[in-house]
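Take a look at the structure set out below.
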Amino acid sequence: MTLVQRWGFNSWSELKIQCGSLIVPQNPVFTKQPGSIVYPVETLERNREVVFSCEAQGSPVPMYRWKLNGTEISPKSGSHYSLSGGNLRINRLNKDQDAGTYQCLAYNSFGTIVSREASLTFAYLENFKTHRRSSVSVREGQGVVLLCGPPPHSGDLIFSWIFNEYPTYVKQDTRRFISQETGNLYIAKVEPSDVGNYTCVVTNSVTKTQVQGPPTPLVLRSDGVMGEYEPKIEVQFPEVVPVAKGSTVKLECFALGNPVPSINWRRVDGIPFPRKVDMRKASGVLEIPYFQQEDAGTYECVAENSRGMNTVKGKLSFYEKPQDVQKLIDDSLAWECKATGKPKPSFRWMKNGENLDFAERIQVANGVLSISRLTLSDTGMYQCVAGNKHGEVYSNTELRVIAVAPDFSHNQLRSQTLVKVGGDVLVECKPKMSPWGVISWQKGSEPLRESNRVSILDNGNLRIWNATKSDAGLYTCLATNQFGVANSNSNQVITPTIITTQPSTLDVTVGESVVLPCQVNHDPSLELKFTWFFNEQLIHFGSHGGFFEKVGGHSAGDIMIRNIQLRHAGKYTCAVQTKVDSISIAVDLVVRGPPGPPTSIHVEEISDTTASLSWRPGPDNHSPITAYTIQARTPFSLGWQAVTTVSEVVGGNRLTATVIDLSPWVEYEFRVLASNTIGTGEPSKPSKQARTKGTSPKITPANVSGGGGSRSELVITWEPVPEELQNGPGFGYVVAFRPRGATGWMQAAVPSAEASRYVFKNESIQPFSPFHVKVGVYNNEGEGPFGPVTTIYSAEEEPGRGPTRVRAKSLSASEIEVLWKALPWNASKRRVLGYELRYWSRSEREDTASVQRTVGNQTSTIIHGVKGSTTYYISVRAYNTAGTGPPSATVNVTTKKPPPSQPPVKVMWNTSNSKIILNWEKVRALENESEVTGYKVNTESRPNVMETNTTSVELALPTDEDYIIQIKPFGEGGEGSSSRQITIPRIPGPNAVGSASKVSTLSALSTIALSFTARTSL
């Protein structure tokens, strides 16, 4: 059974009977009440004792009793229950016998009070019962829920999941969610990377123990991919959630779907969330801390993707925990006790630990306790008990009934009330007195005379309608009952507020700043509130792009509009409000600026190079239009460009213009901009596209060249003419050519505007023969001109012989130098543009050989990147644009042994006088490596490399920056592996030369030694 109390009383508090100013202690009053205890089962063997605290004060001194689950406990000798004052001590704990609800009863001769309930629960977490779980098979793109099913436990749990193996935990995001209510893992859309084993990890937040469930395999089905579908909300919250004042509530919401749904939260009434609300874990959890009345309402979780939307709603209802009540004698009381449960709970009431006796004044209906005409005997501790067959829950409060003489100390009349002429005023008179007595009023020293404007209300308050200046004065409220008399005074002041600024019209220009004044005369004791409206809409200062700023200070409402824009023109209203009256004034603001965009742009007539335009003017924004500018755009232009018109300047009184110097057969859009003395405005919308008429082409192709190709071919190339310069449809090229020295031209048409190449083939063409070539243009409107004549050579023949005297030698384990004798250079027939080397190792085939080329008449080159101790075969060929010639005779060469693979180790350095001495261990080459002939010492901060054939070097002390040093061995096979980097810190300049004292300081630094034994290079 779930029982939730929602009634207006709570914990026990101090009990007082108050008559006049006399306070007499009577019933017991709790000073300390027991609190609930959660006890870890794992500690039972180590420490098996708990203590519930209970203390009360009263006269006589209270005695104590305790109840467990409603049954009284008897702490007898030998029992595991014992009392120490009011504290209940339980030793030799037994989780089956001692778990339950405890209450402390404090009593004396004046009555009995019952404490709040305190529970004793035992926290534990058992292991999962099952050791194996069936695999879950899903399609890619489908959503899935993996159940945790936590084992038996007591105490709050924390859930997490392991993916495959520890310590890889599932990270929550928009696609994956772990419910802390059920422990289940939700994957909105399964991806191939999700395949694996999933293990639920359960942690008891009290005992801190942790257990792991059996792994659940997730596998992909092979029968296709899941299509897209709308969100399906799997994690929901209850329809109604009661939330106590000041507590924290968490709502969970998550949906499956493809694509992955987004989760958003909102209140149904549209009220935005306050800053304290936390939406975490990719919006899967909504957390509201410190819950208050204004947080109550219906909350909605919205899951949405491209396929649709789904929602779930729940109502958060607010209730206050019970509170103590203090009432006056003869007053009435109604306490409501609410609880929910299945079956529906019944209610009963108790007073001072005993069932309440009902009478004519005391009635109970549907859980509501009503007491009329309260007396001092009604003072005491009350309990509401709600129960059904599953059990009972209690809620307690204290009722204090008091009788006092009239007292204004906590509710004085306002010392001064400000009233406007013609206004209404209510002066409240609310003394504290019990029973209620008689209220009367005085003005000055005379009893107040009531009239049709002045009246004393039934509740004692004074009401004045349609106030006049004669109503000002000192008013006194007198309260009387059988215990005494009291009074309180209030001064009524009647004064108006006046705005001294006169209504006006202001005229400003775009970009300027202007101050709108709002000056007032007012009673200095009144607090002013200035509010501004723009076209009857409230101005929110700090928004609106920062244009509006308050500059009037405390007693004036002036505002400044900075960098004013056209949209700021309109009516501004300053409203001034005090506690007693309000008044307003309006200012009209005219903003002058550049003209608005022209409208209705039309192309009236168009030729091959001209267009006639018309338009309508836009708003002049309070400054006459002085000129228009025409701009055009084509598919080939970079944005909008200004165009030439006739006449060159289009005056502000004209609404037509003729544009000239357009390109033929091009689609144009036009727009118009208006200008005035303030500036140029925004452009009009573009006109509809209009194409100029076609004409014969005027531009010939650029960069006519050619050459190369196959035997008996003449290859001619050019850059195509851009589309915007083709002047019409059916554009093509005319290629004319002739042998150099001939008189007649041969011609060929190329009917493609995109063509950039023409090849003429004839067996009579000799290799590398010169031709005169020119390229012309045409379209459907006619032929255009030819371009300039250029000379192009026909295809040449590949070299006819191979190089001779080819030699090769190994320079190192990775380099081979190749030399040969150059072929004779024949510029007219078989040119040599360079040489091509082919090389392959003994274990490779010649058709897989690597290729390296040289350029020009070079007769040697170095091949890099070959393997050490390897035999290579090498051949050389000459080449030109026609291809490669026959190969030379093949030569072979064997590369040197590889360089040493071991880096220098045991590198150490120290200082001596003004030098650094660097030492290292000698590197010994392996059997298949070339011998070490020396070492290279590279200092990163300096460009030079030192070479030495010993295992030490001397360096100057570093004074400007740190030394970063590496050492490499080398031999005939090349450079070997490098040592690790060694950093030697810089020494300040004076220490490099040093005196004796400075040398001793330096020697102290020399005790550092760096030793490296790594056997691989960095």
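What number does region 864-958 give for Rg over Rh if you use C-alpha atoms and the Kirkwood radius?
Reported Rg/Rh, Kirkwood definition of Rh: 1.24.
Extending each Cα 7 Å along its Cβ direction at Ser445 and His772, get the distance between those two points in nm, one decimal.
Going by the 7 Å Cα→Cβ label model, 13.7 nm.
Calculate, for Ser869 and Glu954, the FRET efficiency according to 1/(1 + (r/R0)^6) with r their C-beta to C-beta distance and R0 25 Å; round to the nearest 0.05.
So the FRET efficiency works out to roughly 0.10.
Quick one: net charge around His410, please, counting Lys, Arg +1 and Asp, Glu -1 for every other residue with C-beta under 12 Å from its C-beta.
After counting each charged neighbour, the total is +1.
Go through region 595-655 and name the GluC sites (Glu not before Pro) that are in a DSSP coil and have 14 or fewer other Cβ atoms within 10 Å of their Cβ.
Hits after loop and neighbour filter: Glu648.
At 4 °C and 1.567 mPa s, grab the translational diffusion coefficient of region 78-133 from Stokes-Einstein with a Kirkwood Rh over Cα pairs, rounded to a whole number in µm² per second.
Estimated diffusion coefficient is 89 µm²/s.
I'd like to compare 291-301, 584-594: which one has the highest average count of other Cβ atoms within 10 Å, and what's the full order after that?
The most tightly packed comes first, giving 584-594, 291-301.
Only bridges whose two residues both fall in the chain count here: according to DSSP, what percent of them are antiparallel, nearest 5?
So the antiparallel bridges amount to about 90 percent of the total.
Run the 1.4 Å probe and let me know the accessible area of Lys245, rounded to the nearest 10 Å².
Taking all protein chains as shown, Lys245 has close to 90 Å².
Under a 5 Å amide H to amide H cut-off, with H placed in plane at 1.01 Å, what residues pair with Thr31 once short-range neighbours are removed?
Glu55, Ala56, Gln57
Can you give me the relative contact order of region 382-493 as a percent, contacts being Cα pairs under 8 Å and 6 or more apart?
Relative contact order here is 31 percent.
At 1.4 Å probe size, with the rest of the protein present, what percent of the exposed accessible area of the chain is carbon and sulfur atoms?
The nonpolar share, carbon plus sulfur, comes to 48 percent.
Counting only other residues whose beta carbon sits under 12 Å from that of Ile561, what net charge do I get with K and R as +1, D and E as -1?
0
Would you rank Thr531, Thr397, Thr890 by solvent-accessible area, highest first, keeping every protein chain in place and using a 1.4 Å probe?
Thr890, Thr531, Thr397
Before anything else, pin down the relative contact order of the chain: Cα pairs under 8 Å, at least 6 apart, normalised by residue count, whole percent.
5 percent.
Would you mind putting 946-952, 871-877, 693-699 in packing order, based on average other-beta-carbon counts within 10 Å, highest first?
Most protected by this proxy first, the peptides run 871-877, 693-699, 946-952.
I'd like the Karplus ³J(HN,Hα) series for region 694-703: coefficients 6.51, -1.76, 1.60, θ = phi - 60°, whole numbers in Hz, and an x wherever there's a Gly or Pro.
x, 7, 5, x, 10, 10, 9, x, 9, 6
Can you pull the one-decimal nm distance between simple spin-label points at Ser764 and Asp588, each 7 Å off the Cα toward Cβ?
My value for the distance between the label points is 9.4 nm.
Per DSSP H run of n ≥ 4, the term is -39500 (n - 2.57); total these for the chain, divide by its residue number, and report the mean residue ellipticity at 222 nm rounded to 500 deg cm²/dmol.
-500 deg cm²/dmol
Quick one: length gained pulling Lys245 to Lys821 fully straight, 0.36 nm per residue minus the C-alpha distance?
197.3 nm
Return the long-range amide H neighbours of Val905 (sequence gap of 5 or more, or a different chain), with a cut-off of under 5 Å between placed amide H atoms.
HN-HN under 5 Å from Val905: Glu921.
Quick one: Cα centre-to-centre distance for region 442-474 and region 404-427, in angstrom?
12 Å
I'd like the Karplus ³J(HN,Hα) series for region 907-919: coefficients 6.51, -1.76, 1.60, θ = phi - 60°, whole numbers in Hz, and an x wherever there's a Gly or Pro.
In residue order, the calculated couplings are 7, 9, 9, 8, 10, 9, 6, 9, 10, 10, 9, 10, 10 Hz.
Could you order Met350, Met63 so the one with the most accessible surface comes first? Probe is 1.4 Å.
Met63, Met350
With every protein chain present, what is the per residue accessible area of the chain (1.4 Å probe, Å²)?
On a per-residue basis, the chain sits at 52 Å².
Residue-wise, which Karplus ³J(HN,Hα) couplings in Hz belong to region 294-304, taking 6.51 cos²θ - 1.76 cosθ + 1.60, θ = phi - 60°, and x for glycine or proline?
For region 294-304, the Karplus-derived couplings read 5, 7, 5, x, 9, 10, 10, 9, 10, 9, 9 Hz, x marking Gly and Pro.
Taking a probe of 1.4 angstrom, what is the accessible area of Ser752 in Å², to the nearest 10?
Approximately 40 Å² for this residue.
Hey, if we sort Phe786, Phe534 by accessible area with the 1.4 Å probe, largest down, what's the order?
So the residues, ranked largest to smallest area, are Phe786, Phe534.
Once the piece of chain linking Thr311 and Thr203 is laid out straight, how much longer is it, given 0.36 nm per residue of separation minus the C-alpha distance between them?
My answer for the length gained is 35.7 nm.
Could you work out how far the C-alpha centroid of region 885-942 sits from that of region 725-787, in angstrom?
64 Å
Measure out, as a whole number of angstrom, how far apart the alpha-carbon centroids of region 590-646 and region 517-585 sit.
Measuring centre to centre over Cα atoms gives 41 Å.
How much space per residue, in cubic angstrom, does the convex hull of the C-alpha atoms of the chain take up?
So the per-residue hull volume is 447 Å³.
Roughly how many Å² of Asp581 are accessible to a 1.4 Å probe, to the nearest 10?
We get 20 Å² for Asp581.
Taking region 375-474, which GluC sites (Glu not before Pro) meet the DSSP loop condition and have no more than 12 other C-beta atoms within 10 Å?
Glu450
How far apart, in nm, are the 7 Å Cα→Cβ label points at Ser860 and His410?
11.3 nm
Mind ordering 708-718, 508-518 by average Cβ neighbours within 10 Å, highest first?
708-718, 508-518
In degrees from 0 to 90, rounded to the nearest 10, what is the angle of the helix 996-1005 Cα long axis to the longest principal axis of the chain?
80 degrees
Tally Lys and Arg at +1 and Asp and Glu at -1 over the other residues with C-beta under 15 Å from the C-beta of Leu462: what net charge comes out?
Result for the neighbourhood of Leu462: 0.
The values are calculated or read from the model by the stated rules, or taken from the named source; none is laboratory data. On a predicted model such as this, the values are computed, not experimentally measured, just so you know. Neighbour counts run over all protein chains shown; Cβ positions are idealised from the backbone, glycine included. Accessible surface areas use protein heavy atoms only, side chains included; no ligands, DNA or RNA. Shrake-Rupley method; radii C 1.70, N 1.55, O 1.52, S 1.80 Å.
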